[in-house]
Amino acid sequence: MLRVDLRSLTRGPAATVGDVPAGDPLLQDLDVVLSDPVRVRGRLTESGPGRYYWQATLNTRVTAACRRCLVPIEIPVSASVGVLFAEDIGDEDASVYAIPSHSQELDLGAAIREELILALPEYVECSEGCRGICAGCGTDLNAGVCSCQPARDPRWAALDALKAGRPNNER
């Protein structure tokens, strides 16, 4: 986990460089599987008494299922982070991360997790023209045509009944 000694900020901004391993408990329960560690590169600066601004980038690769055909796809994920940590946030913006008063160390873990989740794509598709899977038999329609017969729309049943009641030469 990335932790910064806040006392070191008296000498100027602190570099925040590190990797969060894919198996880290912080990154459990995501809707995707991390293929690579999350690479964190940034700097933390003091922005007033009890206030710290963190500017960084997060980079990784994740594996997620295509929402149409469920094929696993590996995609890059990048995020630019700019967050504020403050001791007494009061009624401030909910995007400010609260830290205990007189903290000597700042744990960036919660911010890394949240910013990574926000950077994940909402929908993953293997291609723009993905045909998905057959709802009847589960065949990947990108690989070929399935053998299912198209379901007849029940709204046509009354017309089908009329058609069935007429002689063949009148159809």
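Taking only protein heavy atoms and a 1.4 Å probe, what accessible area per residue, in Å², does segment 1-149 have with all protein chains in place? Walk me through the numbers before you get to the answer.
On the way: 8740 Å² over 149 residues.
Heavy-atom accessible area per residue stands at 59 Å².
Which value results when the Cα radius of gyration for the chain is divided by 2.2 N^0.38 Å? Mind showing how you got there, number by number?
Details: Rg = 27.0 Å, N = 171, 2.2 N^0.38 = 15.5 Å.
Ratio of Rg to 2.2 N^0.38 Å for the chain: 1.74.
Solvent-accessible area assigned to carbon and sulfur over the chain amounts to 50 percent, based on a 1.4 Å probe.
Using the crude model of +1 on Lys and Arg Cβ and -1 on Asp and Glu Cβ, and no other charge, please compute the dipole size for the chain relative to its Cα centre, in debye to 20. Please list the in-between numbers first.
Numbers: 17 positive and 24 negative charges, 187 e Å.
Value, rounded to 20: 900 debye.
The loop-placed trypsin sites (Lys or Arg not before Pro) in segment 1-72, going by DSSP, that have at most 16 neighbouring Cβ atoms within 10 Å of their Cβ come out as ARG67. Centre-to-centre, using Cα atoms only, segment 97-136 and segment 1-60 are separated by 15 Å. Per-residue ellipticity at 222 nm from helix content only, as computed over the chain with -39500 (n - 2.57) for each DSSP H run of at least four residues, stands at -3500 deg cm²/dmol.
The values are calculated or read from the model by the stated rules, or taken from the named source; none is laboratory data. What you are looking at is a predicted structure, and each value in this text was computed from that prediction instead of being measured. Using ideal geometry, Cβ is built from the backbone for each residue, glycine included, and neighbour counts are taken over all protein chains shown. All accessible areas refer to the heavy atoms of the entire protein, side chains included, with ligands and DNA or RNA removed. Shrake-Rupley method; radii C 1.70, N 1.55, O 1.52, S 1.80 Å.
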